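The values are calculated or read from the model by the stated rules, or taken from the named source; none is laboratory data. Nothing here was measured: the structure is a model prediction, and the numbers come from that model. So basically every Cβ, Gly included, is an ideal-geometry build from the backbone, and we count neighbours across all protein chains shown.
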Amino acid sequence: MKNLLGIMQGRLLQKYQRRYQAHPVQYWQKEFPIAKEIGLDCIEFILDYNEIELNPLICDGGIPEILQATSETGVQVKTICADYFMEQPLHSIDKEVAGRSLEILRKLLTISEQLGATDIVIPCVDKSSLSGKEDERRFVSIIQSIMEDAENKCINLSLEMDLPPKSFKKLLDKLQSKNITVNYDIGNSASLGYDPVAELDAYGDRISDIHIKDRVRGGGSVFLGKGSADFDRFFKKLREFDYSGPFIFQAYRDDEGVFAFKKQFDWIAQYLEKYKS
C-alpha cells in the first residue's frame, strides 16, 4: 500500500497572524491547489482552540466546502491534528474543561467519518503533557469512554506523547484497542533525546501517523538534516514494520511557506525512496 505524503495545514501558505502553526482562517482553500501542484496527497487539518467557530471542521457548511476542495484537486483530508486539546486538555482537572473537550472529540469523530479521515491526532505535549499518575488516570478514563465510538467509526485516536518509550507503552497497554494508535513525531523525539530504535521497539506496530520534522536536542525546529533527528536509524527501523499510514511534513517553516518546504521535500526524498523500495 502506498504511503500518502501530506503537509501540516498552513505550511504552504503565509503564516496566519504570525503564528508558527495555525489553521489559516478564510484562506485555507488556497493550499489545496498548491499541494496538488507539488504532488502531495493530503493535508493534515488543524483544529485550533482560537477561533474554533470559524474552522470549517466546525462551522456550518464547512465539511461540504472541504469535500469540494478535495473533489477539485484530489488532495484529501485523512488526518486531523486536534491542537484544541493543547489549550483544553481532555485530562484537565477542571471537569467543565474536560467535558467540553470530550464533546469536541465526539464531534471530530463524526466529522472524520464524513470526510473519510482515518486519524485524529491528540497532542499531550508541552502544556497538555501527562505530568503525573492523576493526569494519566483521568486521560485513560476519558479515552476509554469514547473508545467504542472510535472503533465503530473506524477512526484512530492517534496519541502524541512526550513520555519515554517504556512509559508510553505502558499507557498504550492500558488502552487495548486497535483504534488507539501512536502519532510519531521524529523531531519532537529528537528534541527530547529519545532513541528512535527504542521507541519503535516499544510501539512501532501501533504508529498510524508520522510527522516529519527535525529539532535540535532541547530546542526548536530546524531545516531537515540540521538537527538531532537520526533519520537513518529511524527509517531503517521503520522498515521492520508494516507501516501504511501517511508521512506528514511538519518541518521547519519560514514566513511564506513554499520555498522552505520544497527544499526540505527534496532532501527527505532519499529516505522516502529507500523506505518504499
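May I ask you to list the residues in the range 35-74 that are assigned to a helix (DSSP H, G or I) and of a type in the set (A, V, I, L, M, F, W, C)? Answer for the range 35-74, where residues must be assigned to a helix (DSSP H, G or I) and of a type in the set (A, V, I, L, M, F, W, C): Ala35, Ile38, Ile52, Leu54, Ile63, Ile66, Leu67, Ala69.
In the range 98-119, the residues that are free of Cβ contacts under 8 Å to residues at least 12 places away in the same chain and more than 14 Å from Leu67 (Cβ to Cβ) never reach a residue that is among the acidic types (Asp, Glu) and surrounded by fewer than 15 Cβ atoms within 10 Å (Cβ to Cβ) with C-beta atoms less than 7 angstrom apart, at least six apart or across chains. Of the residues in the range 212-220, at least one is crowded, with 19+ Cβ neighbours inside 10 Å, of a type outside the set (Gly, Ala, Ser) and over 16 Å from the mean Cα position of the chain (by Cα). Scanning the range 27-58 for residues that are in contact with a Phe, Trp or Tyr (Cβ under 6 Å, 6 or more places away or on another chain) and small (Gly, Ala, Ser) yields nothing. When Lys127, Lys170, Lys166 are checked against the criterion of being more than 28 Å from Thr70 (Cα to Cα), modelled with pLDDT under 95 and basic (Lys, Arg), a single residue qualifies: Lys127. If you take the residues in the range 159-202 that are among the basic types (Lys, Arg) and surrounded by fewer than 16 Cβ atoms within 10 Å (Cβ to Cβ), which one is nearest to Asp232 (Cα to Cα)? Taking the candidates together, the pick is Lys166. Scanning the range 219-255 for residues that are in contact with a Leu (Cβ under 8 Å, 6 or more places away or on another chain), over 19 Å from Glu44 (Cβ atoms) and not in a helix (DSSP H, G or I) yields a total of 2.
Suppose the filter is buried (at least 19 other Cβ atoms within 10 Å of the Cβ), more than 19 Å from Asn183 (Cβ to Cβ) and modelled with pLDDT of 95 or more; does Ala69 pass it?
Numbers: buried (at least 19 other Cβ atoms within 10 Å of the Cβ): yes; more than 19 Å from Asn183 (Cβ to Cβ): yes; modelled with pLDDT of 95 or more: yes.
Judged against the criteria, Ala69 is a match.
Glu103 falls short on exactly one of the conditions (1) over 30 Å from Pro33 (Cβ atoms); (2) surrounded by fewer than 19 Cβ atoms within 10 Å (Cβ to Cβ); (3) in contact with a strand residue (DSSP E or B) (Cβ under 8 Å, 6 or more places away or on another chain), and that condition is (3).
A count restricted to the range 229-277 and to residues that are touching a residue at least 24 places away in the same chain (Cβ under 8 Å) and polar (S, T, N, Q) stands at 3. Taking every residue in the range 135-163 that is more than 12 Å from Leu90 (Cα to Cα) and pairing it with any residue that is small (Gly, Ala, Ser) and in a strand (DSSP E or B), at least 6 positions away or on another chain, the pairs with Cβ-Cβ distances below 9 Å are Asn156/Ser208; Ser158/Ser208. Pairs meeting the criteria (first residue in the range 31-60 and on the phi > 0 side of the Ramachandran plot, second residue buried (at least 21 other Cβ atoms within 10 Å of the Cβ), beta carbons under 9 Å, at least 6 apart or on different chains) are Glu51/His23.
For Ile80, the conditions (1) within 23 Å of Arg206 (Cβ to Cβ); (2) at pLDDT 95 or above; (3) not in a strand (DSSP E or B) all hold with the exception of (3).
Glu51 falls short on exactly one of the conditions (1) among the acidic types (Asp, Glu); (2) closer than 21 Å to Phe265 by Cα; (3) over 17 Å from the mean Cα position of the chain (by Cα), and that condition is (2).
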